[in-house]
Each structure stands twice: as C-alpha cells, then as structure tokens.
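Remarks on the structure that follows.
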Amino acid sequence: MAHAGLVFDFDGTILDTEGSVHRAWHELWGSQGLDLPRAEWQAILGTDGGFDPWDELERRLGRAVDPDLRDHRRTRRDELLHAELPRPGVLAWLDDADRLGVPVAIASSSPPDWVDGHLVRLGLLDRFAFLACCDGDIPGKPDPTSYRTACEAIGADPACSVAVEDSPHGVTAAVGAGLFTIAVPHPLTADLDLSTADLVLPSLAELPLDEALARSAAR
C-alpha cells in the first residue's frame with residue numbers, strides 16, 4: 001500500500017551548488033571582459049539543456065577561448081563547492097523523516113555521478129532510498145518523470161507526498177507529478193516565478209516535516 005514520501009531536488013535544494021557553479025562561470029566571463037547574462041543563466045536552472053555558457057562566450061567573443069580556462073573554471077567550481085554545506089533545515093528534515101518512517105528520495109536533472117559524488121562527500125548518501133537522476137532514461141525537468149520514478153521506487157503515493165524544490169522547472173515537474181510542492185529559493189531563483197508551488201519558504205527550517213506532510217494530506 002502506497003504511503004507518504006519525501007522527495008528532494010538536489011542542486012540548489014539540498015546543496016547550493018547553483019551559486020558555486022554560477023560564480024565560477026561569472027568569473028570566467030569576467031576574465032574575458034563580459035558579463036554573464038543572469039536571465040539566460042536562470043533559464044537553465046533545474047533542467048538539463050538550453051544555454052551553454054562556454055559556447056555562448058565564444059560566440060560573443062567571436063573567437064575560440066583557451067581550453068585551459070575550462071579546466072581552471074572546473075577547479076574553481078570545485079573549490080567553491082567543497083566549502084558548501086547542506087542548506088538550512090535539510091538535515092533536520094532528514095532526521096524527522098527517519099523518526100517518522102517516511103522514505104526519502106531525490107529527483108534531479110543532474111547526472112547520477114554528480115549527485116552521488118556530493119552526497120558521498122557530505123556523508124548523506126545512505127539517507128536516501130533512491131536517486132532518480134537524469135541518465136538517458138529519465139528526462140530532465142520540467143518533465144515530471146523523475147518525481148514519478150522516485151515515488152514509485154520508494155512506494156510513495158504522490159498525492160500525499162512532499163517535494164522540495166528551488167526552481168520553476170523543478171516546481172513544474174513536482175506539481176505535474178502530483179506532489180505537495182514546497183519551493184525554497186536561493187539567491188539565483190528568489191526573483192523567479194515560483195507561484196505554482198503549494199508553498200514558498202525562505203528555508204526548510206521554517207516548517208517541520210510533519211506539518212508539511214499534514215498539509216499535503218489535507219489537500
């Protein structure tokens with residue numbers, strides 16, 4: 001019998017990878033005398049395609065960029081990422097899920113090795129029963145497949161389950177799969193339209209998991 005589950009997005013939701021990735025690209029563009037367009041960057045948050053900052057940089061410059069700068073950008077990204085910790089409230093929600101017996105999964109538009117690697121570094125991999133990542137079989141958001149796959153894998157009924165997201169693409173995917181969707185924006189998504197979410201919070205620390213589950217059940 002299906003029951004309630006908790007499904008997190010990963011990037012920008014469990015860990016603010018978005019800020020580190022954006023900053024590394026912003027610094028690279030700046031080294032070439034250009035500003036990275038915020039609106040075009042925001043359009044790719046929460047999905048797996050669209051704007052390519054390297055190709056667009058070369059197009060705007062009208063020339064090839066030194067490939068060593070690509071490696072430098074990755075190194076800078078990783079340096080920034082390793083300073084990041086889980087976003088406020090995430091660990092408390094995972095503890096609450098354990099206490100309440102609520103299975104937890106991840107639905108992400110990122111590839112499995114990206115998500116898995118960060119969870120291992122944070123010591124959180126075993127806190128998730130299933131990872132539904134963009135791997136060729138599961139399309140990126142806003143397609144709802146990742147959420148449907150995650151719910152099915154953990155035996156959860158989407159209608160009484162909770163999703164946590166940070167971007168419009170992610171919110172669209174979670175709502176489309178039927179989950180009670182909580183949006184927790186970060187600096188790169190705070191000015192985007194998240195109004196289709198059931199609830200928008202500044203932090204998961206603002207609401208305990210059991211209350212979120214109660215709101216989901218009361219829909």
Check: Does Ala163 satisfy the condition of being under 15 Å from Ala212 (Cβ atoms) and of a type in the set (Gly, Ala, Ser)?
Finding: yes
Item checked: Among the candidates Glu40, Glu27, Glu56, residue that is touching a helix residue (DSSP H, G or I) at 6+ places or on another chain (Cβ under 9 Å), among the acidic types (Asp, Glu), at pLDDT below 85 and farther than 30 Å from Val104 by Cα -> Glu40
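Residue by residue, here is whether (1) buried (at least 18 other Cβ atoms within 10 Å of the Cβ); (2) within 21 Å of Gly176 (Cα to Cα); (3) of a type outside the set (A, V, I, L, M); (4) modelled with pLDDT of 95 or more holds:
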residue	(1), (2), (3), (4)
Val120	no, no, no, yes
Ala132	yes, yes, no, yes
Ser146	yes, yes, yes, yes
Thr149	yes, yes, yes, yes
Glu152	no, yes, yes, yes
Notebook entry, point to check: Under 6 Å by Cβ, and 6 or more places apart or on different chains, what pairs join a residue from region 150-175 that is assigned by TED's automatic domain parsing to the domain that holds Asp198 with one that is basic (Lys, Arg) and assigned to a loop (DSSP other than H, G, I, E, B)?
Noted result: His169/Lys141; Gly170/Lys141; Ala173/Lys141
Item checked: Unmet criterion (only one of (1) under 27 Å from His82 (Cα atoms); (2) in a helix (DSSP H, G or I)) for Glu152 -> (1)
Check: Only one residue in Asp113, Asp135 is outside any helix (DSSP H, G or I) and either of a type outside the set (Phe, Trp, Tyr) or touching a residue at least 24 places away in the same chain (Cβ under 8 Å) (or both), so which one is that?
Finding: Asp135
Item checked: Members of region 167-198 found to be within 19 Å of Phe128 (Cα to Cα) and either part of a helix (DSSP H, G or I) or touching a Gly at 6+ places or on another chain (Cβ under 6 Å) (or both), listed by number -> Gly170, Ala174
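Counting just the residues of region 88-110 that are assigned to a helix (DSSP H, G or I) and touching a Phe, Trp or Tyr at 6+ places or on another chain (Cβ under 9 Å), which one comes out nearest to Asp210 (Cα to Cα)?
Restricting attention to region 88-110, the residues satisfying the condition of being assigned to a helix (DSSP H, G or I) are 90-100.
From what is left, the residues that are touching a Phe, Trp or Tyr at 6+ places or on another chain (Cβ under 9 Å) are 90, 93-94.
Details: Val90: 14, Trp93: 9, Leu94: 11 Å.
Selected residue: Trp93.
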Notebook entry, point to check: Quick check: anything in region 187-196 in the same structural domain as Ser146 (by TED's automatic domain parsing), under 17 Å from Leu91 (Cα atoms), in contact with a Pro (Cβ under 8 Å, 6 or more places away or on another chain) and modelled with pLDDT of 95 or more?
Noted result: no
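The values are calculated or read from the model by the stated rules, or taken from the named source; none is laboratory data. Please read all numbers here as calculations on a predicted model, not as lab measurements. Using ideal geometry, Cβ is built from the backbone for each residue, glycine included, and neighbour counts are taken over all protein chains shown.
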